[in-house]
Amino acid sequence: MNCRSLPILLPLLGLAACAKEPLPRAAAPIPVKVVVVAMFEHGKVTGDEAGEFQLWVERGKLDKSFEFPMGEYELRMNDAGVLAICTGGGITNATASIMALGTDQRFDLSKAYWLVAGIAGGDPLDVSLGTAAWSRTVVDGDLLYEIDAREIPAEWPYGLLPLGAKKPNDKADGWTVDTINFPLNGGLAQWAYELTKDHPVADSAGIAEFRAQFKGYDNATKPPFVTIGESLASSTYWHGEKMNTWANDWVKLQSGADYNFMMTNMEDTGTLTALRRLSRTHRADLQRVMVLRTASNYTMPPPGETAAWSTTAPYPEKGLPAIEAAYQVGNLVVQELIGNWAKYEQAVPGGT
Amino acid sequence: MTSKLPRHLLSTLLLLFSAVMAHAAEPPIEIKVVVVTMFEIGKDTGDTAGEFQLWHDRQKLDEKLKFAHHHDLYLNRKTGVLGMVTGMGTANSATAVMALALDPRFDLSKAYWLVAGIAGVDPEDAPIGSAAWAEYLVDGDLAHEIDAREIPKDWKTGYWPLFSAGPYDPKRPGGNGEVFRLNPDLTEWAYQLTRNVKLKDNEGLQKTRAKFKDHANAQKPPFVLKGDNLAGMTFWHGKLLNEWANDWTKFWTGGKGNFVTSAMEDTGSYLSLSYVHPTGKVDKERMMVLRTASNYTMPPPGVTAAQHMKAENEGYSGLNDSVEAAYAVGSVVVDEIVRNWAKYRDHTPPLKK
């Protein structure tokens, strides 16, 4: 932290920010324009192999560091109002981290846009490696009943069914919970898509070679592109053709026939659970949340390979094309927002 | 620290500022015990009891405090007992516990946290209506999974740990929140304090448990035991996943834990406490998890998992009894802490002689 840059007319804020003590609550909070939410990082925040966090910190010059003892990494911010957090992997880590940031009195998040930018497993029916998808809704993939598939009735397609339901793909008529489907601001997702759809996502030999194995899957064999498609989040990192069928059915069942599962990941419904709760006290604005996921791997094996092998096979090119795409596509939106902040502070783009 | 302000001016300002702050804010309410429940049926009082209602009524948690997270909080200002309903699933429990832990209205630095909720129970260990104190909390969602019909022949299950290539690699991968151990002395203390609490039995429970002919423990009258909790938002059921639950718990606890209860929240609640712990606002060594059995995690002989799950959907056979058991056992601990707060405030039990 460089305290010399703090305005001398804000001594209380300066004191607080430089002290190691927790901040006095009444210090003027720092207005944040965009929160970038990354989920994992390799090693250090800068200077080594990039996870989801590092490119934002290095290229966005997020040089201000804020202690965040409740998270895995410190928070990073720049003078332009961009704040980045790395939540750690899995629903619970994401939930607890976002809740901790959202209630943090050091920041004014009331006008902030939230951009979840992370890698994911991509459905080969829809996307190829490196492809970036803007989500219109986020669906949870843990909150289910489950029976081991070797024990299910013959007529069931799989052993996963809605909580409170009697068979797969039946709407619950017993109990359920309200944290399964999180519709995002569809207008905002469309706006972000329009802004980024022509971005040339980098292709490379490693991902081209891997995707060529998906014969018969037209979208999986294309060079990477930008699209609109839904995020399914679960702490359970599932894989395979049968579960991919379930994922497509599940997203439609929960959010409607117009929605299409494309990207599986381990955090987004946790993040949205926290943001929804924060919105009730106006600590976050749910209309300003965007979820961008980029495919580091496929959700099922290429023809001829087993699910057991494919689940944990190394990501082609270590997932770097997806990490790069998440930054590049996401950053177009971030730059647009902070470059025209006077406009976007007042009105959310894509609104009807 | 570098600043253009002279050092003495800084200190003066800081002192002034602290003084102003201290004066302005109301002193936070010292909480002795937070009772963490996960769901309530209908209203918080006066109708069918979910996990919260008995606590509300019997502990006289009459003071409602606004809380924008699922349910409001309820406090008994005299005893310092605070009750909450987190909502179901680890994401809900993690957000609610995090929000409470950081809530400036309360001083939770010495508070004990008692999770008191219902659960599925392994018929191998206990009958419905029983109450189990957990020492280990294991997460059941953080895993790789492929459909069990797609697994290699030599695999027992389609679930395996993240950062590993198949089920139960003896070199256990690094943790991502898959397992937490509660303060074992506190758990043991709570168990010893309550092990002789007589739990209600009735015809309904007897009828249900009699069906579990292959499981001796499942046929006993309800009792208090120690047994570990597997927490996952996926509500699983059946013989094969029950086997997995036992293996999974053994694996993550290095053979020390035993899967007894299945519920949907406790790893999330604990994770949030452990996040806030370093700030001193809460003490994660003061968390206890009590789960009482409302249903079995697998069907009795002759019934399929799908049939049994469907039947349980109509209402858990042991719902009322498990809710009563949670209060009967949990309140012994709460009352003991409240009554002897001078003792328990600064030292967690067992107290040194």
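Odds and ends about this structure:
- Legend: mean number of C-beta atoms from other chains within 10 angstrom of residue C-beta atoms, peptide A:264-276, equals 3.
- Cα centroid separation - the range B:185-213 against the range A:281-352, whole Å: 49
- Scalar couplings 3J(HN,Hα) for the range A:229-245, obtained by applying the Karplus form with A = 6.51, B = -1.76, C = 1.60 to θ = phi - 60°, are x, 8, 9, 10, 10, 7, 5, 7, 8, 8, 7, x, 5, 5, 6, 5, 4 Hz; x denotes Gly and Pro.
- Overall dimensions of chain B by Cα: Rg and Dmax, Å: 22.1, 82
- P(r) tail, chain A: Cα-Cα pairs separated by more than 27 Å, 46% of all pairs.
- Nearest-ten-degree value, helix A:186-196 long axis tilted from longest Cα axis of chain A: 80
- The gain in end-to-end length when the A:Gln335 to A:Lys111 segment is fully stretched comes to 79.0 nm, 0.36 nm per residue minus the alpha carbon separation.
- Degrees, to the nearest 10: A:91-102 long Cα axis against longest axis of chain A: 20
- 22 Å Cα-Cα threshold exceeded, pairs from B:Lys211/B:Lys239; A:Lys166/B:Lys226; A:Lys44/A:Lys222; A:Lys167/B:Lys239: A:Lys166/B:Lys226; A:Lys44/A:Lys222
- Applying 1/(1 + (r/R0)^6) with R0 = 51 Å to the Cβ-Cβ distance of B:Lys220 and A:Lys44 gives a FRET efficiency near 0.40.
- J(HN,Hα) series, the range B:162-175, from Karplus relation 6.51 cos²θ - 1.76 cosθ + 1.60, nearest Hz, glycine and proline x: 4, 6, 9, 9, x, x, 6, 4, x, 7, 5, x, x, x
- Square roots of five times the Cα gyration tensor eigenvalues for the protein assembly as shown, Å: 39, 36, 21
- Here the Karplus relation 6.51 cos²θ - 1.76 cosθ + 1.60, evaluated at θ = phi - 60°, turns the backbone of the range A:39-52 into coupling constants of 10, 8, 9, 8, x, 7, 6, 9, x, 10, 4, 7, x, 6 Hz, with x for every Gly and Pro.
- Counting 0.36 nm for each residue step from B:Asp201 to B:Glu243 and taking away their Cα separation leaves a gain of 12.3 nm.
- Listed from fewest to most Cβ neighbours within 10 Å, the set A:Val329, B:Val197, A:Val37 follows the order B:Val197, A:Val329, A:Val37.
Bear in mind that the values in this text are calculations on the coordinates, not laboratory data. Source: prediction; values computed, not measured. Counting neighbours? That spans all protein chains shown, and the Cβs are built from the backbone with ideal geometry, glycine included.
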